[in-house]
Amino acid sequence: MSWRSEFIWIEFITGSRKTSNFCWAFILFLGSLGFLLVGTSSYLGRNVISLFASQQIIFFPQGIVMSFYGIAGLFISCYLWCTILWNVGSGYDLFDRKEGIVRIFRWGFPGKSRRIFLRFLMKDIQSIRIEVKEGVSARRILYMEIRGQGAIPLIRTDDNFTTREIEQKAAELAYFLRVPIEVF
């Protein structure tokens, strides 16, 4: 999602509050809770949940392993829910041609670096760079090359943009900033 005028372009970044993250966190929570309940019912020797017969699963070693997987899955699920709650990775990119300033803001994990705020002069932008790697694990990333700072990623790798969409966005941004495009 973005907003544009003649001199200002604001690109809003979604972050971790995506439908796929909600689905994965929910599925992981239910699956790990199921593993933990099966491990617990095999330890107690009676059915905690009626879907699985605990008499068929011996506590040592199957019940211990299922309990371990359940606890590990709950920790990972808790991590995912925390990133969704804190909305890690969300923010905005603001390009202001009138003032000649670029502002990049992202939310991080709680702590000293919770707010990530970068500010550059437009005259320091060397180019807009596209990195495309096709194959099994395709990667399409849009970078902004800053003089003395290196490359700063603008679009996340898991946004699932097609090559055509990345090229279109890079062309529009390069035209707006009046800088060249590099393709890698």
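Summary of values
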quantity: Residue match in the stretch 39-47 (condition: of a type in the set (S, T, N, Q) and assigned to a loop (DSSP other than H, G, I, E, B)); calculated: yes
quantity: Selection from the stretch 123-175 of residues that are surrounded by 14 or more Cβ atoms within 10 Å (Cβ to Cβ), polar (S, T, N, Q) and in a loop (DSSP other than H, G, I, E, B); calculated: none
quantity: Single residue of F35, F68 found to be part of a helix (DSSP H, G or I), surrounded by fewer than 18 Cβ atoms within 10 Å (Cβ to Cβ) and not assigned by TED's automatic domain parsing to the domain that holds I104; calculated: F68
quantity: Given (1) free of Cβ contacts under 8 Å to residues at least 40 places away in the same chain; (2) of a type in the set (G, A, S); (3) closer than 30 Å to G39 by Cβ, number of the condition G73 does not satisfy; calculated: (1)
quantity: Unique match (being closer than 30 Å to A174 by Cα and either under 29 Å from the mean Cα position of the chain (by Cα) or at pLDDT below 95 (or both)) among W86, W9, W81; calculated: W9
quantity: Unmet requirement for L177, which otherwise passes all of (1) in contact (Cβ under 8 Å) with a residue 60 or more places away in the chain; (2) closer than 20 Å to N21 by Cα; (3) of a type outside the set (D, E, K, R); calculated: (2)
quantity: Residues within the stretch 90-111 that are touching a helix residue (DSSP H, G or I) at 6+ places or on another chain (Cβ under 8 Å) and under 13 Å from G15 (Cβ atoms), tallied; calculated: 2
quantity: Residue count, the stretch 166-184 (criterion: more than 23 Å from the chain's Cα centre (by Cα), within 22 Å of E134 (Cβ to Cβ) and β-branched (V, I, T)); calculated: 2
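The values are calculated or read from the model by the stated rules, or taken from the named source; none is laboratory data. Predicted model, so just to flag it, every value in this text is computed and none were measured. When we count neighbours, we look across all protein chains shown, and the Cβ atoms used for this are built from the backbone with ideal geometry, even at glycine.
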